[in-house]
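A short write-up of the structure that comes next.
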Protein chains: 4
Amino acid sequence: MTMANPQSKTPASVLTEDDLRELGLVKQYGATDVYINAEEVGWHPWVNGLMIKPYRYETKNGQSVFVLWAPQATVLGKHRHWGVVTAVTLEGDWGYFEYDWVARQGAYVVENPGTIHTLRMGEGAKVAFTVNGSIEYLNDDDSLRVTMDVFSFVDLYVKHCQESGRPVDERLFY
Amino acid sequence: MTMANPQSKTPASVLTEDDLRELGLVKQYGATDVYINAEEVGWHPWVNGLMIKPYRYETKNGQSVFVLWAPQATVLGKHRHWGVVTAVTLEGDWGYFEYDWVARQGAYVVENPGTIHTLRMGEGAKVAFTVNGSIEYLNDDDSLRVTMDVFSFVDLYVKHCQESGRPVDERLFY
Amino acid sequence: MTMANPQSKTPASVLTEDDLRELGLVKQYGATDVYINAEEVGWHPWVNGLMIKPYRYETKNGQSVFVLWAPQATVLGKHRHWGVVTAVTLEGDWGYFEYDWVARQGAYVVENPGTIHTLRMGEGAKVAFTVNGSIEYLNDDDSLRVTMDVFSFVDLYVKHCQESGRPVDERLFY
Amino acid sequence: MTMANPQSKTPASVLTEDDLRELGLVKQYGATDVYINAEEVGWHPWVNGLMIKPYRYETKNGQSVFVLWAPQATVLGKHRHWGVVTAVTLEGDWGYFEYDWVARQGAYVVENPGTIHTLRMGEGAKVAFTVNGSIEYLNDDDSLRVTMDVFSFVDLYVKHCQESGRPVDERLFY
C-alpha cells in the first residue's frame, strides 16, 4: 500500500497487525479494481442497426453493462424490465415514445421493475446502460417475442467474436 | 399502455384480464421511471476544488449517483470502499495513483469492496460515479479521517441549496 | 438517540452539530427499520398445495421475500432464475431433482442467474426465499409456461386478500 | 438438462440450437448453485458470548450472511448500518433496545441504511442475518469503536480456523 502520490510524503502508517491481516484477506478473497478501456473493446451489432460496446457482464448477479450506439436514428421494440435499469447519456438524444422528455448529453435515467416502454435513439446517440435482470421484448400485440438476460448479451458478444475472429475479452466477465 | 410510436399501427393486445390486473399493481405499488435533466440539476462544491452534480440519492439501498467534475486538476485523498463503485468517464482523464491506467472518455471502471486508492483527476475531467455503501477517507498515516455515505452526500447537497437559496430537488431522492 | 439499554449509563455524546444534522437527514430521507411478525401475516395458497407467507415485496428493486410451506410433500415445476435467489431452511427437508443434496433445518442455498432446476419439498418443509428478479416456469418440453416477478407475487397476495376479506397489509410493500 | 424427476416422462425439448448455446454460456461463465449444510459449517465465537455460523462471504459485493446465536442472553453494542440488513428469526427472541417489538421464530426484520440501534438477544436465540456493506460499532458516547465489513467477518472466521486447526471452507467465499 505504498502510495505513488508525488504530492505528499507518506508518514508512518498507524495500521495494526490486525488491520494488515484483514487487508491481506482483501487481496486473497476480494476482487480487484477493473479498468475497461473504451478503445480496446470494439462495437458489435445488435438489432435495428444498433451497436453494442460491452463494459461488464456480471453473471453472478445477472447484471449487464454496455454502451448502446445508434449510428442512424432507430427504435428498439416495446419491452418490459424485470429489474432496475440505469442510463448515462454520453452523446446525442434519446427517449421513449411513452414519455415526453428527451435525454441529451449528461442526462440520467432510472427505469424501474415492471415498466413497459419503447426506446427511440436519435442519430449518433450513445448511452451507457446498466441492466439488472432480464428484459422481455414484446410484439405489437403485447405477446412475448423474446426474453434477454446477461447471458443473451454474452451470447451476442461471443458469437460476434467467433465470426469476426476477434478473441473474447475475458476481462468483461467479472 | 397505448403507444405513441408513429411507425406501427398497434394491433389488438393479447393481454388477459390477469395480465392487466398485474400491470395495474405495477402502477399502484411500483416505482415510475425517472429522468434527470443534466441542465436542471446544478453543480455544488465538494473538496479540493471538485464539483458534484447529483443524479440520485437512493437512501433505501445506500446508493449515491453523481457526476464528479474537476475544473482544475486535483486529487481526492486516499480512501477505502465498503461497497461496489462504478464509473463512466464523460470527459477528460482521471485515474488512481496506485494504478497505471489512465481513464479517458468512454472508459468504464469498477472498484470493489475493500480496495484502497487515491483519486486524481485531470483538468476538466467529468466522471459519473455510482457509489454503493460508504467510503472511508484516510489520513496519510492510514488513520480514519471521515466516513461518507449517501446521507453525507445528501447533506452536502441540502446545505448548498440552503446557503444558495436554491430549492432542494426532491426528485433526487428516489 | 437516547438508549433504553439498562446495562449502561449513557455518557455525553460526542456527536457534533454536523453529525446531528446528517442524522436528521436519515430521518427525513431514509427508510425506517421494518419488523414483520410471522403470526400477523397469514398464509395464502399458491400452486400444487404450496402455501406462501409474504415477508416483503420490494417493488423498486424487484425483490420478493416470502416463506414457502409444503403442508404435503409436493413439487414446483422446472424453472429458471434470472436473478440471485437465496434460501434459509426453517423446517423439514427440500431440494432439487437435479442436485444430490437434501437441505434440512438451517441449511442455506444460493441459486444463481441462469440456472434451471425443479423444486421438491418434503411434508411440512418451510423455507424462507429471497427472490431477485423474475422466474421463468417451463413446461416439460422446456417451452415457457409463465414468468413470475415481484408483481406476480403481489397479485397472488392481493387477490387472496380480496377473496378472503382480509385487509392488504401495506407494510409488506417497502 | 435431463431431469431426474420421477413423476413425469420428459417430452422432447423445444429448445433451439440458439437456446442450447446460451445455456452453455451459463455453464461457462455463470455461477453454480451453492448448498451450505448447516451441520458441516461449525460455530465460532465473536464478542459478548455470541457465536457465528458463516453461510456466505460475498466479497465482490460486500455481503456477509451468517447465523448469530446467543447461548446466553446478551447484547451487541450500539451500531450503525451503511447498507441494508435483513434477518430471519430461527429460534428464540431478540430485538433492539430502541424498538418495542420482540422478534420470535419466523419474524422477519429489515434494517435500512443510516439507522442506529443496539441488539439484544434472548437465551438460545438464533437469527440468520444478511448484511450488506459495513457496520459501525459505536462507544456509549457515540464515538466510533470499530467498523466491520465482509472482510472483518472473514478474518474472524479464518483466524478461528487457524487457531482450532479446522480447514477454511473455501465454499463460503462465493
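Under 7 Å between Cβ atoms, which residue pairs at least 6 apart in sequence (or on different chains) link something in segment C:23-44 that is under 18 Å from B:Val158 (Cα atoms) with a partner that is among the acidic types (Asp, Glu)?
Pairs found: C:Leu25/B:Asp155.
Please go through segment B:19-48 and give me each residue that is open to solvent by 70 Å² or more (accessible area, probe 1.4 Å) and either modelled with pLDDT under 90 or β-branched (Val, Ile, Thr) (or both), ordered by number.
Of everything in segment B:19-48, those that are open to solvent by 70 Å² or more (accessible area, probe 1.4 Å) and either modelled with pLDDT under 90 or β-branched (Val, Ile, Thr) (or both) turn out to be B:Thr32, B:Glu39, B:Glu40.
Which residue pairs have Cβ atoms closer than 9 Å, lie 6 or more positions apart in sequence or on different chains, and pair a first residue in segment D:157-174 that is closer than 14 Å to D:Ile52 by Cβ with a second residue that is charged (D, E, K, R)?
D:Tyr157/D:Asp169; D:Val158/A:Arg21; D:Lys159/A:Arg21; D:His160/D:Arg166; D:Cys161/D:Asp169; D:Asp169/D:Glu40; D:Leu172/D:Arg56
Name the residue that is least open to solvent (accessible area, probe 1.4 Å), counting only residues in segment D:147-170 that are away from chain B (no Cβ under 14 Å) and of a type in the set (S, T, N, Q).
Among those that are away from chain B (no Cβ under 14 Å) and of a type in the set (S, T, N, Q), it is D:Ser164.
How do the pairs read when you match residues in segment D:57-77 that are basic (Lys, Arg) with residues anywhere that are in a strand (DSSP E or B), using Cβ under 9 Å and keeping only pairs 6 or more apart or on different chains?
Close Cβ pairs satisfying both conditions: D:Lys60/A:Glu58.
I need the full set of residues from segment C:13-63 which are of a type in the set (S, T, N, Q), within 21 Å of D:Val85 (Cβ to Cβ) and assigned to a loop (DSSP other than H, G, I, E, B), in order please.
C:Thr32, C:Asn37, C:Thr59, C:Asn61
Would you mind stating whether C:Lys9 is part of a loop (DSSP other than H, G, I, E, B), among the basic types (Lys, Arg), exposed (fewer than 15 other Cβ atoms within 10 Å of the Cβ) and modelled with pLDDT under 95?
Working: part of a loop (DSSP other than H, G, I, E, B): yes; among the basic types (Lys, Arg): yes; exposed (fewer than 15 other Cβ atoms within 10 Å of the Cβ): yes; modelled with pLDDT under 95: yes.
Yes.
Just to verify a result, which residue in segment C:98-130, among those that are open to solvent by less than 20 Å² (accessible area, probe 1.4 Å) and touching a residue at least 40 places away in the same chain (Cβ under 8 Å), is nearest to C:His79 (Cα to Cα)?
Here is the first cut: in segment C:98-130, the ones open to solvent by less than 20 Å² (accessible area, probe 1.4 Å) are C:103, C:106-115, C:117-119, C:121-122, C:125, C:127-129.
With the extra rule that they be touching a residue at least 40 places away in the same chain (Cβ under 8 Å), the set shrinks to C:118-119, C:121-122, C:125, C:127-129.
On the way: C:Thr118: 6, C:Leu119: 8, C:Met121: 15, C:Gly122: 18, C:Ala125: 19, C:Val127: 17, C:Ala128: 18, C:Phe129: 15 Å.
Among those residues, the one meeting the criterion is C:Thr118.
For segment B:18-33, give me each residue that is among the hydrophobic types (A, V, I, L, M, F, W, C) and more than 9 Å from chain A (Cβ to nearest Cβ).
Applying the first criterion (among the hydrophobic types (A, V, I, L, M, F, W, C)) to segment B:18-33 yields B:20, B:23, B:25-26, B:31.
Matches in segment B:18-33: B:Leu20 only.
Just to be sure, is A:Leu144 among the hydrophobic types (A, V, I, L, M, F, W, C), within 14 Å of chain B (Cβ to nearest Cβ), buried (at least 20 other Cβ atoms within 10 Å of the Cβ) and out of contact with any Ser or Thr (no Cβ under 7 Å at 6 or more places or on another chain)? Give the derivation first.
Numbers: among the hydrophobic types (A, V, I, L, M, F, W, C): yes; within 14 Å of chain B (Cβ to nearest Cβ): yes; buried (at least 20 other Cβ atoms within 10 Å of the Cβ): no; out of contact with any Ser or Thr (no Cβ under 7 Å at 6 or more places or on another chain): yes.
For A:Leu144, the condition - among the hydrophobic types (A, V, I, L, M, F, W, C), within 14 Å of chain B (Cβ to nearest Cβ), buried (at least 20 other Cβ atoms within 10 Å of the Cβ) and out of contact with any Ser or Thr (no Cβ under 7 Å at 6 or more places or on another chain) - is not met.
Looking at segment D:49-77, which of the residues that are touching a strand residue (DSSP E or B) at 6+ places or on another chain (Cβ under 8 Å) and either surrounded by fewer than 16 Cβ atoms within 10 Å (Cβ to Cβ) or of a type in the set (Gly, Ala, Ser) (or both) is modelled with the lowest pLDDT? Quick ask: steps written out before the conclusion?
Start the filter on segment D:49-77 by keeping residues that are touching a strand residue (DSSP E or B) at 6+ places or on another chain (Cβ under 8 Å), which leaves D:49-58, D:61-71, D:73-77.
Filter once more, keeping what is either surrounded by fewer than 16 Cβ atoms within 10 Å (Cβ to Cβ) or of a type in the set (Gly, Ala, Ser) (or both): D:49, D:62, D:64, D:70-71, D:73, D:77.
Values: D:Gly49: 97, D:Gly62: 94, D:Ser64: 97, D:Ala70: 98, D:Pro71: 98, D:Ala73: 98, D:Gly77: 90.
That would be D:Gly77.
The values are calculated or read from the model by the stated rules, or taken from the named source; none is laboratory data. Everything numeric in this text was worked out from a predicted model, so none of it was measured. Virtual Cβ from ideal backbone geometry, glycine too; neighbours counted across all protein chains shown. Calculation scope for accessible area: heavy atoms of the full protein, side chains included, ligands and nucleic acids excluded. Shrake-Rupley method; radii C 1.70, N 1.55, O 1.52, S 1.80 Å.
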